[in-house]
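One structure is given below, encoded as structure tokens.
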């Protein structure tokens with residue numbers, strides 16, 4: 001087996017707070033890192049590369065100040081880069097990541113060895129998200145340091161594979177870091193992810209409902225009220241299948257026929273871009289079923305830790321029984 005990144009053993013919990021489009025901001029990232037889990041954000045949450053660099057500086061300075069004040073090393077932070085020709089900022093944003101030595105880069109929609117080499121040049125790590133074996137094989141060939149396995153029920157651009165099957169299939173040829181994504185909202189879920197063979201859990205929807213996130217109150221309330229059956233998997237919003245809150249789709253006037261389409265529908269001028277659409281059509285995963293409140297990140301992490309340890313203790317009791 002290959003060695004895992006050293007930072008994993010320094011975390012308070014084996015969790016990466018996923019980069020949430022339009023939701024993750026410096027306040028959320030900083031709070032996560034201060035509380036011992038990896039905080040991340042999409043570079044495109046800032047409208048320009050100049051604004052993106054300002055966020056990198058803000059986060060780095062806040063975490064360095066925390067380290068000096070407390071003597072505790074915060075968890076590393078990460079940036080999500082869209083590695084696709086449709087992203088005109090990739091080159092500029094990647095240069096800034098290299099300049100500021102961002103510890104972790106999460107790549108989406110393309111695993112490119114040149115991006116991996118650029119991040120490795122300063123000692124950074126690259127994790128790439130995938131939804132199927134073929135994507136994992138390509139990313140492995142590009143030399144990434146870890147794979148984020150986006151399984152069925154995950155918020156955003158989720159896959160359709162069962163997490164057990166996906167982990168087993170990818171682990172059969174890939175011995176580096178595996179991060180599991182999909183319906184992970186509690187500490188027990190985190191323990192289950194590790195039990196299935198993951199090294200880290202990837203949590204997105206649960207962190208929408210934190211006080212530090214940029215989610216509007218109506219979005220958070222809808223998550224609290226929703227159940228797993230309220231999540232709709234459709235390509236109608238962006239042209240790529242993703243999971244959304246059904247009530248937000250209905251509020252936007254979308255019909256059942258609209259949602260069955262495999263191509264992006266024409267929203268008209270009011271919602272003429274994907275970013276505009278996602279401001280009022282809200283994404284979430286099936287993990288909403290266990291989210292019933294909004295908490296500061298610190299309180300949430302403490303709850304997750306309690307649930308995680310209780311789950312491990314319960315598994316230890318089962319082990320003792322069957323020995």
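Details
- Span from the the stretch 116-134 Cα centroid across to the the stretch 185-245 one, whole angstrom: 23
- The mean of 1/r over all pairs of different alpha-carbon atoms in the stretch 6-214, once inverted, gives a Kirkwood hydrodynamic radius of 17.0 Å.
- Neighbour-count ranking [beta-carbon atoms within 10 angstrom, fewest first] of 55, 282: 55, 282
- Cα shape, the stretch 93-211, gyration tensor, a/c 1.5 rule: oblate
- Cα gyration tensor of the stretch 72-130 - equivalent ellipsoid semi-axes, whole Å, descending: 19, 12, 11
- When Rg and Dmax are taken over the Cα atoms of the stretch 205-257, they come to 11.8, 36 Å.
- Fraction of C-alpha pairs exceeding 13 angstrom in the stretch 104-172: 60 percent, rounded to a whole number.
- Cα principal axis extents for the stretch 34-113, largest first, Å: 43, 23, 19
- Packing-based exposure ordering (other Cβ within 10 Å, fewest first) of 203, 164: 164, 203
- The order of 77, 173, going from fewest to most other C-beta atoms within 10 Å of their C-beta, is 173, 77.
Each reported figure results from applying straightforward, stated rules to the coordinates on display, with no laboratory input. Since this is a predicted model, take the numbers as computed values, not measurements. Cβ sites come from the backbone with ideal geometry, for glycine too, and all protein chains shown count toward neighbours.
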